[in-house]
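Notes follow once the structure below has been shown.
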Amino acid sequence: MISKIRICNLALAQLGQAPISSLEQEDEKARRLNLFYEPVRDEVLRTHNWAFAGVSEPLALLEKEADGEGLFTYKYPVEALFIRRVFEPKDSHCALPFKERFRADLHCRVLGISSRAAYAEYTRRITDENLFDPAFVKSFSLALACDLAVALTGDAQLASQILQKYTLSLDEARRSNMTENFLQVPSEDAFSGVR
């Protein structure tokens, strides 16, 4: 069973640092790990189409009329870290172009898409470590170690070595993940009620 503290200790091990027992303990390692953990996790999630983080679902239409560019406005999915592809249910293999922007009047990020019935494939933010793929855990812990290396050890050469390990780990994860099914492409039946 993987946990936040275990991932942090994997990163510390890469740096030759002693493990910590809690992220609430009063020391520099715990403070830095708390600071870096979530941003680094989200960054590594965005780097690849991780099978465990892939979602395919309908987008929420915010405006039923197209704008001056012929685009319909959809809400950007709350959990989405990276929109991989937008498509129509009737032609799920054909990607649609889209524009991402912030709408101040709606107080949210939106997607402009030239379709009234759009779906999106995206990478979502995963906060439950038990859902992480083992290859992701390795890559994430190395990325975390890389970001902490200079601050905790003062050794820029060590940071460079860990960056190389991270790059290789990510390449391996991408190769193995390509053999898995990233997203279950919905069947025609799943879209039968969508117009």
Residues (assigned to a loop (DSSP other than H, G, I, E, B) and under 18 Å from Ser56 (Cα atoms)) located in segment 99-131: Ser115, Arg116, Ala117, Ala118, Arg125, Ile126
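Restricting to segment 61-98, give me the number of residues that are surrounded by 12 or more Cβ atoms within 10 Å (Cβ to Cβ) and part of a strand (DSSP E or B). Steps first, answer last, please.
From segment 61-98, those surrounded by 12 or more Cβ atoms within 10 Å (Cβ to Cβ) are 61-63, 66, 71-77, 79-90, 92, 95-96, 98; that's our starting set.
Among the residues that remain, those that are also part of a strand (DSSP E or B) are: 61-63, 72-75, 80-88, 92, 95-96, 98.
Adding up the residues that qualify gives 20.
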Within segment 27-39, can one find any residue that is touching a residue at least 12 places away in the same chain (Cβ under 8 Å) and assigned to a loop (DSSP other than H, G, I, E, B)? no
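Going residue by residue through segment 1-23, is there one that turns out to be among the charged types (D, E, K, R) and modelled with pLDDT under 95?
Narrowing segment 1-23 to residues among the charged types (D, E, K, R): 4, 6.
After this cut, where a residue has to be modelled with pLDDT under 95 as well, the list is none.
Within segment 1-23, not a single residue is among the charged types (D, E, K, R) and modelled with pLDDT under 95.
The values are calculated or read from the model by the stated rules, or taken from the named source; none is laboratory data. Remember, it's a predicted structure, so these values are computed and weren't measured experimentally. Quick reminder, even Gly has a Cβ in these numbers, built from the backbone with ideal geometry, and neighbours come from all protein chains shown.
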